[in-house]
Amino acid sequence: MTTQPDKTFGLKSATDLYLKLLFDIERLGMAWGSTKAVQYAAFDCAVTSSHILDWVLHELDEAHHLRLTGVKKADRKAIAGFIDMNRSRMPGLEYCRQIANSVKHVVITFGPVEKDMSTGASVRFHRHGGKITHAYAQAYIKLLYKKHPVIHVFELMAQHWKSFLDDEGLWVEQPPGRDE
């Protein structure tokens, strides 16, 4: 039997993408010295968080797909159905989807648009005794006029994805010695 060439650099499951998300979050946490490094790592976190869903939907059998999305496999409304049906289980997924699609396509190309949400990066300064003691770059998400470090959204998404993969029987055990 001939198989199609692999175009995923050896990533084979939603678990692999989850592990990539952990890597991206770690990179974001260490990127404080450069605004560009923070922006790029935050984008990667959003894309990975959002696209784990594509891998999950691919791995589900028909019954699980219908239960988790409300539609049959191959229905174009599967992503929206999943996000809607699992909103309380994964409240940050819609933010990640919108960030990933906005950066990739410049604007949201499908689905609802969170009008009271935006993102950005800035430099924060710490002062002590009237002097700046250090500065660091930070990516943020702005919700209803309040800025929050976006890394918190991604860390929460990682927790939710891990629970989801465990609960739904999609977690793939990793061989000993493989980096996590």
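The values are calculated or read from the model by the stated rules, or taken from the named source; none is laboratory data. Worth saying up front: this structure is predicted, and the values here are computed from it rather than measured. Methodologically, a virtual Cβ is constructed for each residue, glycine included, from the backbone with ideal geometry; neighbour enumeration extends over all protein chains shown. To get the accessible areas, we keep the full protein, side chains included, count just its heavy atoms, and leave off ligands, DNA and RNA. Shrake-Rupley method; radii C 1.70, N 1.55, O 1.52, S 1.80 Å.
Below is a table of values for the structure above.
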quantity: Number of the condition not met by Leu11 [criteria: (1) touching a helix residue (DSSP H, G or I) at 6+ places or on another chain (Cβ under 8 Å); (2) in a helix (DSSP H, G or I)]; calculated: (2)
quantity: Every residue from the range 50-67 that is within 28 Å of Leu28 (Cβ to Cβ), open to solvent by less than 50 Å² (accessible area, probe 1.4 Å) and either assigned to a loop (DSSP other than H, G, I, E, B) or out of contact with any His (no Cβ under 9 Å at 6 or more places or on another chain) (or both); calculated: Ser50, Ile52, Leu53, Val56
quantity: Of all residues making up the range 74-88, the number that are open to solvent by less than 70 Å² (accessible area, probe 1.4 Å) and not small (Gly, Ala, Ser); calculated: 5
quantity: Positions within the range 123-172 being among the hydroxyl-bearing types (Ser, Thr, Tyr), more than 19 Å from Ser50 (Cβ to Cβ) and either assigned to a strand (DSSP E or B) or in contact with a helix residue (DSSP H, G or I) (Cβ under 8 Å, 6 or more places away or on another chain) (or both), in sequence order; calculated: Thr133, Tyr136
quantity: Residue under evaluation Asp44, criteria (1) surrounded by 20 or more Cβ atoms within 10 Å (Cβ to Cβ); (2) more than 16 Å from Leu11 (Cα to Cα), criterion not met; calculated: (2)
quantity: Residue among Ser88, Ser102 that alone is polar (S, T, N, Q), out of contact with any strand residue (DSSP E or B) (no Cβ under 7 Å at 6 or more places or on another chain), closer than 26 Å to Leu28 by Cα and part of a helix (DSSP H, G or I); calculated: Ser102
